[in-house]
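Participant: I have a structure here, written as structure tokens, and I will follow up with some questions on it.
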Amino acid sequence: MPLAMLLVMALIAHSPSAAPAETGGAGQVEQLPPLGETPFDRQGMWVWYVERSEGGSIPAIVARAKSAGIGTVYVKAGDGDDIWSQFDTPLVKALHRGGLDVCAWQYVYGDRPVAEAKVGAVAAQRGADCLAIDAEAEYEGKYASADLYVRALRARIGPDFPLSLAAFPYVDYHPSFPYSVFFGPGGATYNQPQMYWRSIQTSVRSVYEHTFLHNRLWGHPIYPIGQTYEGPSKGELKLFRRFASSFGGRAPSWWSWQETSGPEWGALGADSADRPVVGYQPVVEHPLLKRGSRGDLVVWAQQHLIGAGQVQVPVTGVFGKTTFSAVRSFQVAQGLPADGQIGTTTWQALLEFTPYRMRWAGGTQMGSAGGAGTAAADMASAGGAATARVSKPRRPLSASLPAVAYEIRPGPGP
């Protein structure tokens, strides 16, 4: 994870692109989901360099964690295809003896995705309780790389190993980022957005509302990552914890250990911050997609439409005529108003279906029409209507879209 000196361009604050997203309406008060018993469900702290965290003293790390209510430490285990020696089995065992869960995290670039997958697998072999993928600007547009990485990683760590994605919090700012691959079938099942409100130059409440509006669509529990760098006040840290309780009760984690001051540690351990914000009830709404919409959320909707039986839909990331017709057909089948738009009510019905899993990295497909629009042929295996072929790596049309803005600066930090 970068040492997030988050870039906020001056235009973000004044640009129409930074205005509140158009939603599909029909919101309802969010019902808190049941909490699990995973390492993600304990308050966490991220470690970039072990030697810079309590001087590398494991007893001191354990003592500090216990005093601040930290139950899980996230320790960097790799950068690209480079395995970091600091994450080893003796470290994991020592932290386990201290009562801590230990998650590995790796920063990935997408240039050598299979090699990166091997790095993540080594961390699992060394005893990690979970693995967090830190993928950011370098992965924008790289659908084939994301597909290769996820498939290679799952082949090595198994389908049930706890895996999260720690990426940009504002999905709508990054239309070409392959969230739909990382969070799709076979991918990560935990979501840890980097919600660094001070660097984004917004409020704690706003960063929650903006982040959750889009991230709910991935269908995985959201565990916010807050910041202890840039000198947030104790009140802000406590408020971040309280909003975490209001938005589902998922324990937050914090970036990063080496930049957390004594008063900040105290705020993380304060019992007064365990309760939800008084009088605040999050309302669940989903972003509105309609003709002309573009980006990875459209990819996600198209994959769900195929999963719901609308197999004629091309997975392009562009909401065009064919997608409009498919949405109307889906709405009619579901007894919904057939306006051809994907608002909150249609999203809720659509998300009940398992999304079709694209093979962006190539491989054996069905059908003779090239490009990304072969889903119908892929699924038409009866009567010899489709023929097997080996496809080239591909990506949706929306993969060429530039980022709207970077709330988190590109690059893995200094």
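Participant: When residues of segment 290-319 are filtered for being farther than 19 Å from Val181 by Cα and either among the basic types (Lys, Arg) or part of a strand (DSSP E or B) (or both), how many remain?
Facilitator: Residues that pass the stated criteria total 2.
Participant: A follow-up question, please. Please pick out the residue among His220, His214 that is assigned to a loop (DSSP other than H, G, I, E, B), in contact with a strand residue (DSSP E or B) (Cβ under 7 Å, 6 or more places away or on another chain) and within 30 Å of Phe353 (Cα to Cα).
Facilitator: His220
Participant: Separate question: Go through segment 320-349 and give me each residue that's among the small types (Gly, Ala, Ser) and in a helix (DSSP H, G or I).
Facilitator: Ser325, Ala326, Ser329, Ala333, Ala349
Participant: Further question on the same structure: Would you be able to say whether some residue in segment 92-100 is under 27 Å from Asp296 (Cβ atoms) and assigned by TED's automatic domain parsing to the domain that holds Lys238?
Facilitator: No, because not a single residue in segment 92-100 is under 27 Å from Asp296 (Cβ atoms) and assigned by TED's automatic domain parsing to the domain that holds Lys238.
Participant: Starting from residues that are small (Gly, Ala, Ser) and touching a residue at least 12 places away in the same chain (Cβ under 8 Å), keep the ones in segment 70-100 and report whichever is surrounded by the fewest Cβ atoms within 10 Å (Cβ to Cβ). Walk me through it before giving the result.
Facilitator: Of all residues in segment 70-100, those small (Gly, Ala, Ser) come to 71, 77-78, 80, 85, 94, 98-99.
Imposing the further condition that a residue be touching a residue at least 12 places away in the same chain (Cβ under 8 Å) reduces the set to 71, 77-78, 80, 94, 98-99.
On the way: Gly71: 18, Ala77: 28, Gly78: 23, Gly80: 17, Ala94: 16, Gly98: 16, Gly99: 10.
Result: Gly99.
Participant: Okay, next question. Got at least one residue in segment 242-253 being among the basic types (Lys, Arg) and modelled with pLDDT under 95?
Facilitator: yes
Participant: Let me ask something additional. Would you point out the residue of segment 151-170, among those that are out of contact with any Asp or Glu (no Cβ under 8 Å at 6 or more places or on another chain) and under 26 Å from Ala405 (Cα atoms), that is surrounded by the most Cβ atoms within 10 Å (Cβ to Cβ)?
Facilitator: Among residues in segment 151-170 that are out of contact with any Asp or Glu (no Cβ under 8 Å at 6 or more places or on another chain) and under 26 Å from Ala405 (Cα atoms), the one surrounded by the most Cβ atoms within 10 Å (Cβ to Cβ) is Ser164.
Participant: So Pro393 fits all but one of (1) out of contact with any Pro (no Cβ under 8 Å at 6 or more places or on another chain); (2) buried (at least 16 other Cβ atoms within 10 Å of the Cβ); (3) at pLDDT 65 or above; what number is the exception?
Facilitator: Single failed check for Pro393: (2).
Participant: Among the candidates Ser293, Ser272, Ser245, Ser253, which residue alone is within 18 Å of His220 (Cα to Cα) and without any contact (Cβ under 8 Å) to a residue 40 or more places away in the chain? Working first, answer last.
Facilitator: Numbers: Ser293 fails: within 18 Å of His220 (Cα to Cα); Ser272 fails: within 18 Å of His220 (Cα to Cα); Ser253 fails: without any contact (Cβ under 8 Å) to a residue 40 or more places away in the chain.
So the residue among Ser293, Ser272, Ser245, Ser253 that is within 18 Å of His220 (Cα to Cα) and without any contact (Cβ under 8 Å) to a residue 40 or more places away in the chain is Ser245.
Participant: Name the pairs: first residue in segment 152-176 and without any contact (Cβ under 8 Å) to a residue 24 or more places away in the chain, second residue part of a loop (DSSP other than H, G, I, E, B), Cβ to Cβ under 6 Å, at least 6 apart or on different chains?
Facilitator: Listed pairs, sorted by first residue: none to list.
Participant: Specify which of the listed residues (Ala308, Ala388, Ala380, Ala375) is within 26 Å of the chain's Cα centre (by Cα), among the hydrophobic types (A, V, I, L, M, F, W, C), at pLDDT below 95 and outside the structural domain of Tyr179 (by TED's automatic domain parsing).
Facilitator: Ala375
Participant: While we're looking at this one, here's another question. Sort through Ser199, Ser203 and tell me the only one that's at pLDDT 95 or above and surrounded by fewer than 22 Cβ atoms within 10 Å (Cβ to Cβ).
Facilitator: Step by step, each of Ser199, Ser203 is checked, and only Ser203 is at pLDDT 95 or above and surrounded by fewer than 22 Cβ atoms within 10 Å (Cβ to Cβ).
Participant: With the requirement that a residue be under 16 Å from Gln331 (Cα atoms), touching a helix residue (DSSP H, G or I) at 6+ places or on another chain (Cβ under 7 Å) and aliphatic (A, V, I, L, M), what does segment 263-318 give you?
Facilitator: If we filter segment 263-318 for residues that are under 16 Å from Gln331 (Cα atoms), which is where we start, we get 288-291, 301-313.
Narrowing further to those that are touching a helix residue (DSSP H, G or I) at 6+ places or on another chain (Cβ under 7 Å): 289, 291, 301-306, 308, 310-313.
Within segment 263-318, Leu289, Ala301, Leu305, Ile306, Ala308, Val311, Val313 meet the criteria.
Participant: Can you name the number of the only condition in (1) surrounded by fewer than 17 Cβ atoms within 10 Å (Cβ to Cβ); (2) without any contact (Cβ under 8 Å) to a residue 60 or more places away in the chain that Gly36 fails?
Facilitator: Looking at each condition in turn, Gly36 falls short on (2).
The values are calculated or read from the model by the stated rules, or taken from the named source; none is laboratory data. In this text the structure is predicted, and so the values were computed from the model without any measurement. FYI the Cβ positions are ideal-geometry reconstructions off the backbone, even for glycines, and counts take in every protein chain you see.
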